[in-house]
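Following: one structure in structure tokens, then a few remarks.
The values are calculated or read from the model by the stated rules, or taken from the named source; none is laboratory data. This is a predicted model, so every value here is computed, not measured. As a convention, Cβ positions derive from the backbone with ideal geometry for all residues, glycine included, and neighbour counts pool all protein chains shown. Calculation scope for accessible area: heavy atoms of the full protein, side chains included, ligands and nucleic acids excluded. Shrake-Rupley method; radii C 1.70, N 1.55, O 1.52, S 1.80 Å.
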Amino acid sequence: MPRIPYPELSGLAQEVRDSIGEKPANVSLMMAVASAPVFKGLGQLGSAHIRGSGLPPRLRELAILRVGYMSGSAYEVFQHEALARYVGLSDAQIDAIRSGDARSPVLDAAERDVMAFVEDLVANVRASDATLAAVRKHLDDSQVVDLILVSGYYMTVCRLLETTGVEIEETPIDWSTMVPPH
């Protein structure tokens, strides 16, 4: 059981029910506990990161997974390991991300620099000049800002998941119904 109960679908505003559907993932159900404007804003921001960002999907998922591993969020990594595979990250790359091995030969230069940047950002709030300069070799300024924001968004999601006790489903989200193929 979660530490904060999931809401009854019948008790949610129609707009929220329409957004999460009839069989929502547990994370969506827990987010629906928030006030309707906050729920809507979180959903729009999450969707923008997944569907609209100029950040390459593989780098986005690398960042999300590293945040999830560093945050100790089993739910987050369960769901996003599936999405990482869907966008083309291999099991070996996911293992390197899990272990924090930014020097792994299975990662290319951009992936290594993004991982080092995300680790620096999560650990220190203000990424160093060195990790920022390294990631800017691979990403334009808009992509760097998206990387910072997606990292922060998923830090928030991980804290919600862990503090409320969101339970892991038996199978991950079917990302193919939500994310265009890459």
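May I ask you to compute the full-extension gain from residue 130 to residue 74, defined as 0.36 nm times their residue separation minus their alpha-carbon distance, rounded to one decimal in nm? Walk me through the intermediate numbers first.
On the way: separation 56, 0.36 × 56 = 20.16 nm, distance 3.03 nm.
Roughly 17.1 nm would be gained on extension.
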Exercise. Ignoring ligands, DNA and RNA, what accessible area per residue does segment 37-182 give at 1.4 Å, in Å²?
Worked result: 47 Å²
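Take the Cβ-Cβ distance between residue 169 and residue 104 as r, set R0 to 25 Å, and report the resulting FRET efficiency rounded to the nearest 0.05. Numbers along the way, then the final one.
Working: r = 29 Å, r/R0 = 1.18.
Approximately 0.25, to the nearest 0.05.
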For this session: Please work out the C-alpha center-to-center distance from segment 117-139 to segment 1-80 and express it in whole Å.
Result: 25 Å
For this session: Could you calculate the contour length gain from residue 82 to residue 145, that is, 0.36 nm times the residue separation minus the distance between their Cα atoms, to one decimal place in nm?
Result: 20.2 nm
Problem set entry | Helix-derived mean residue ellipticity, 222 nm - over the chain, DSSP H n ≥ 4, -39500 (n - 2.57), to 500 | -19000 deg cm²/dmol
Problem set entry | Of [x] 10.3; [y] 16.3; [z] 11.8, the label for mean projected area of the Cα convex hull in nm² derived from the coordinates | [x]
